[in-house]
Amino acid sequence: MNEFEIDKKQVRRAFSRAAQDYDAAAVMQREVCERMLERLDIIRLQPAHLLDVGSGTGWGTRQLGGRYPQAEIVALDIAIGMLQYARSHSGWWKKLFAGKRERFVCADVEALPIASGSMDMVWSNLTLQWCNDLPATFAELQRVIKTDGMLMFSSFGVDTLKELRTAFCDVDD
């Protein structure tokens, strides 16, 4: 592992440990998710199969489930603790009788255990910054999306947290 590579084991452990309290601290992540959800108002696609990559505690997954009640949703996250929390808060037992299918998969976005061309929509909110190989990650995402499907993702831009960057520049280069 080189000095700039993300240690996935460490990421997995840290997110698993944080799962119980994560939503209380994930203010920016929730704001970005809400803005992404608003953008879906102009999208005509009604996915039958949806993959939420980096689903975390499942907050966004639950919103997507409300928007697409007939969709089979796969919540995928690298941290088993996040998925355990998501499953315990998903109301999966209610969906058992409503016919809704929801699956929880612990995996890395850089190596998806998902069949090629099986997803109508892939959704990813603030996950790609945890990838070591973005070209390979996008190839993997493209692989699982159906020909007429879509990828919707968010990531940090150059102006994200610029105030924090400026504050650090005053202290250290």
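The values are calculated or read from the model by the stated rules, or taken from the named source; none is laboratory data. The shown structure was predicted, so the numbers you read here are calculated from the model rather than taken from an experiment. Cβ: placed from backbone, ideal geometry, glycine included. Neighbour counts: every protein chain shown. Accessible surface areas use protein heavy atoms only, side chains included; no ligands, DNA or RNA. Shrake-Rupley method; radii C 1.70, N 1.55, O 1.52, S 1.80 Å.
Tabulated data for the structure shown
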item: Selection within the stretch 20-61 - of a type in the set (Gly, Ala, Ser), over 11 Å from residue 123 (Cβ atoms) and under 14 Å from the mean Cα position of the chain (by Cα); result: 26, 56, 58
item: Whichever residue in the stretch 16-27 is in a helix (DSSP H, G or I) and open to solvent by less than 80 Å² (accessible area, probe 1.4 Å) and, among such residues, is farthest from residue 81 (Cα to Cα); result: 23
item: Matching option when the condition is at pLDDT below 95, out of contact with any Cys (no Cβ under 8 Å at 6 or more places or on another chain) and either more than 22 Å from residue 63 (Cα to Cα) or not polar (S, T, N, Q) (or both), among 148, 172; result: 172
item: Every pair of residues 6+ apart whose Cβ atoms lie under 7 Å, when the first sits in the stretch 11-23 and is free of Cβ contacts under 8 Å to residues at least 60 places away in the same chain while the second is of a type outside the set (Phe, Trp, Tyr); result: 23/57
item: The stretch 76-90, subset modelled with pLDDT under 95 and not in a helix (DSSP H, G or I), residue surrounded by the fewest Cβ atoms within 10 Å (Cβ to Cβ); result: 89
item: Unique residue being in a loop (DSSP other than H, G, I, E, B), open to solvent by less than 20 Å² (accessible area, probe 1.4 Å), small (Gly, Ala, Ser) and at positive phi when the list is 117, 56; result: 56
item: Any pair with Cβ under 7 angstrom, 6 or more apart, that starts in the stretch 127-156 at a residue that is on the phi < 0 side of the Ramachandran plot and ends at one that is open to solvent by 30 Å² or more (accessible area, probe 1.4 Å) and aromatic (Phe, Trp, Tyr); result: 128/153; 129/156
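Condition check ((1) open to solvent by 90 Å² or more (accessible area, probe 1.4 Å); (2) at positive phi; (3) of a type in the set (A, V, I, L, M, F, W, C)) across all residues:
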{"site": "4", "(1), (2), (3)": "yes, no, yes"}
{"site": "14", "(1), (2), (3)": "no, no, yes"}
{"site": "39", "(1), (2), (3)": "yes, no, no"}
{"site": "45", "(1), (2), (3)": "no, no, yes"}
{"site": "65", "(1), (2), (3)": "no, no, no"}
